[in-house]
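K.L.:
This is the structure I want to talk about, given as structure tokens.
The values are calculated or read from the model by the stated rules, or taken from the named source; none is laboratory data. A quick note: this is a predicted structure, and the numbers were derived from the prediction, not measured. Cβ: placed from backbone, ideal geometry, glycine included. Neighbour counts: every protein chain shown. Heads up: the accessible areas ignore ligands, DNA and RNA and are worked out on the full protein's heavy atoms, side chains in. Shrake-Rupley method; radii C 1.70, N 1.55, O 1.52, S 1.80 Å.
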Amino acid sequence: MRKKLRVLVSALLILIFFKIHIGAAVLPESAPPEQAGVSSSFLHGILKQIRVGGLDIHSLIVIKNDKLILEAYLDPYTENELHNVKSVSKSVLSALAGIAMEQGVISDVDAKLKKALPKYFEPTADTRKADITLHHLLTMSSGFDFIEHSERAGKWFKAKNPVREAIALPLTSTPGERFRYATINTHIFSAWLTKAAEMSTPEFAEKYLFTPLGIEDYHWVQDPQGIFWGGTQLYLTPRDMARFGMLYLHKGRNQEEQLIPERWVDESTRWRHSVDTHSGYGYWWWRIPASDGYVAAGWGGQRIGVFPGKELVIVVTAANQQHARYIFQQLHAGITPIDALDD
């Protein structure tokens, strides 16, 4: 049995095989795609590819020029469904790091990990570990011997004390020397933030980010020590993912309130490491070559793309990384910085 797409949009022309529901958006005002310079037929083609191709996409949101031009859900998913956004959580942690420094909870990116969490450092530890800073965690260049999706990573996620085991790992390079993507960096930061702020990571997020942004329905998983997982295991709705993306598009500003310092939005999304020919990395944000865009990306196809030059935010949730990447790339390439088209 073929699954149906449910599309929430004000005036997008869809063929009869799509189930349509018109609803009040909790994001920007919904509008015909042409008003934002996007062809309805182009978006229809994207939706047709998802349905006819059987692509494992759960939801899709497109906001252009502060107009909601597409919101679609593949049955049985709905706008109220919480998704494990996986490593999209890392970009949320990046925002919390900037806020923590603005609030004086953490001094700056040069703050030392050993000074922040001394109880996790053994007397016989590699002396280079004393030089690990927040900057090294943010850029995935701490030097710890950890490979994502490896056997060691699998055992670490099941450890009784993941923070202690992460900091006890040997170093394979001097801090700051080499990029190596590893969730241990963001989880260490979650422990750091918890201690420095004297509140849990989600409590800090609620106070300074989620509640002001209108994010009320979420779920965050704890490790066995009660530290909330940094960089994974955060569950959000697609609409709240879009809210977060819009916050970055507007340089950290939500209406009249500056939730994230503008300078931190610029600093955290700046290209700092070339990962491969297809991507770069900032402070827990991915960068796209030949584009002013940056992406929060999670395993399985969870994505928030922010493209200031196109006034564009794209949100995808999925269960297939390749399918999600394909649809995301089609949308990014096909939407241009045009303000409006003829009706």
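K.L.:
Could you state the principal axis extents of the C-alpha atoms in region 186-235, from the largest down, to the nearest angstrom?
P.N.:
For region 186-235, the Cα extents along the three principal axes come out at 28, 21, 15 Å.
K.L.:
Could you work out the mean projected area of the convex hull around the alpha carbons of the chain, in square nanometres to one decimal? Mind showing how you got there, number by number?
P.N.:
On the way: hull surface 68.9 nm².
Averaging across all directions leaves 17.2 nm² for the Cα convex hull.
K.L.:
Could you tell me whether region 118-195 comes out rounded, prolate or oblate from its Cα gyration tensor? Rule is a ≥ b ≥ c as square roots of the eigenvalues, rounded for a/c under 1.5, then prolate if a/b exceeds b/c, otherwise oblate. Don't skip to the answer; put the middle values down first.
P.N.:
On the way: a/c = 1.28, a/b = 1.09, b/c = 1.18.
Cα axes put region 118-195 in the rounded bin.
K.L.:
I'd like to know which of 312, 337, 231 lies farthest towards the positive end of the charge dipole of the chain, counting +1 on Cβ of Lys and Arg and -1 on Cβ of Asp and Glu.
P.N.:
231
K.L.:
On to the next question. When you count, for each residue, the other Cβ atoms within 10 Å and take the mean per peptide, how do 233-240, 74-81, 248-255 rank with the highest first?
P.N.:
Numbers: 233-240: 23.4, 74-81: 15.0, 248-255: 17.1.
Top to bottom by mean Cβ count within 10 Å: 233-240, 248-255, 74-81.
K.L.:
Mind jotting down the distance between the C-alpha centroids of region 79-158 and region 211-263, whole Å?
P.N.:
Value for the Cα centre distance between the two parts: 17 Å.
K.L.:
Another question, then. How charged is the neighbourhood of residue 210? Take every other residue with its Cβ under 14 Å from the Cβ of residue 210, and add Lys/Arg as +1 and Asp/Glu as -1. Before the final figure, lay out the partial values.
P.N.:
Values: positive: 207, 239, 243; negative: 203, 206, 216, 217, 240, 257.
Computed value for this residue: -3.
K.L.:
Here's another thing I want to ask about it. Roughly speaking, what % of Cα-Cα pairs in region 155-307 are separated by over 27 Å, rounded to a whole number?
P.N.:
On the way: 3114 of 11628 pairs.
Looking at region 155-307, the distances longer than 27 Å represent 27 percent of pairs.
K.L.:
Apply the a/c threshold of 1.5 to the C-alpha gyration tensor of region 233-343 and tell me whether it is rounded, prolate or oblate.
P.N.:
Details: a/c = 1.21, a/b = 1.07, b/c = 1.14.
It is rounded, given that a/c, with a ≥ b ≥ c, falls under 1.5.
K.L.:
If you don't mind, there's one more thing I want to ask. Per the 1.4 Å probe, what fraction of the accessible area of the chain, in percent, lies on carbon and sulfur atoms?
P.N.:
49
K.L.:
Still on this structure, I have one more. By how many nm would the segment from residue 42 to residue 157 grow when fully extended, if each residue of separation counts as 0.36 nm and the alpha-carbon distance is taken off? Don't jump to the answer; show the numbers that get you there.
P.N.:
Numbers: separation 115, 0.36 × 115 = 41.40 nm, distance 4.19 nm.
Full extension of this stretch gives 37.2 nm more.
K.L.:
Here's a follow-up. In nm, what is the difference between 0.36 nm times the number of residues separating residue 266 and residue 219 and their Cα-Cα distance? Intermediate results must be reported in sequence, preceding the final value.
P.N.:
Details: separation 47, 0.36 × 47 = 16.92 nm, distance 2.81 nm.
Length gained between residue 266 and residue 219: 14.1 nm.
K.L.:
So what's the net charge close to residue 156: Lys and Arg +1, Asp and Glu -1, counting the other residues with Cβ under 15 Å from its Cβ? Each step should come with its number before you reach the end.
P.N.:
Numbers: positive: 152, 155, 158, 160, 164, 180; negative: 145, 148, 151, 165, 223.
Spelling it out: positives minus negatives among the neighbours equals +1.
K.L.:
Output the peptides 45-57, 184-196, 100-112 sorted from most to least packed, where packing is the average of other Cβ atoms within 10 Å over each peptide's residues.
P.N.:
Numbers: 45-57: 17.2, 184-196: 24.2, 100-112: 15.5.
Result, highest mean first: 184-196, 45-57, 100-112.
K.L.:
Above 19 Å lies some portion of the pair distances; for region 236-290, what is it as a whole percent of all C-alpha pairs?
P.N.:
Taking all Cα-Cα pairs of region 236-290, the fraction more than 19 Å apart is 38 percent.
K.L.:
Can you give the net charge of the other residues whose Cβ lies under 10 Å from the Cβ of residue 234, counting K and R as +1 and D and E as -1?
P.N.:
Values: positive: 86, 90; negative: none.
With Lys, Arg at +1 and Asp, Glu at -1, the net is +2.
K.L.:
Might you tell me the accessible area per residue for the chain, computed with a 1.4 Å probe and given in Å²? Provide the component values of the computation, followed by the final result.
P.N.:
Values: 14920 Å² over 343 residues.
Solvent-accessible surface per residue comes out at 43 Å².
K.L.:
Given the Cα-Cα distance of residue 150 and residue 174 and 0.36 nm per residue of separation, how much length would full extension add, in nm?
P.N.:
Working: separation 24, 0.36 × 24 = 8.64 nm, distance 2.15 nm.
Result for the pair: 6.5 nm of gain on full extension.
K.L.:
Follow-up. As a test, work out the antiparallel percent of DSSP beta bridges whose residues both lie in the chain, rounded to the nearest 5.
P.N.:
On the way: 42 of 45 bridges.
The antiparallel proportion sits near 95 percent.
K.L.:
In debye to the nearest 20, how big a dipole does the chain give about its Cα centre with +1 on each Lys and Arg Cβ and -1 on each Asp and Glu Cβ? Write out the running numbers ahead of the final one.
P.N.:
Numbers: 37 positive and 37 negative charges, 212 e Å.
Its charge dipole is roughly 1020 debye.
K.L.:
Still on this structure, I have one more. Quick one: if the Förster radius is 25 Å, what FRET efficiency do residue 199 and residue 108 give, using the C-beta to C-beta distance and rounding to 0.05?
P.N.:
Computed FRET efficiency for residue 199 and residue 108 comes out at 0.75.
K.L.:
Given R₀ = 25 Å, FRET efficiency for residue 276-residue 251 by Cβ-Cβ distance, to 0.05? Can you show the working numbers first?
P.N.:
Working: r = 28 Å, r/R0 = 1.13.
Taking R0 as 25 Å, the efficiency between residue 276 and residue 251 is 0.30.
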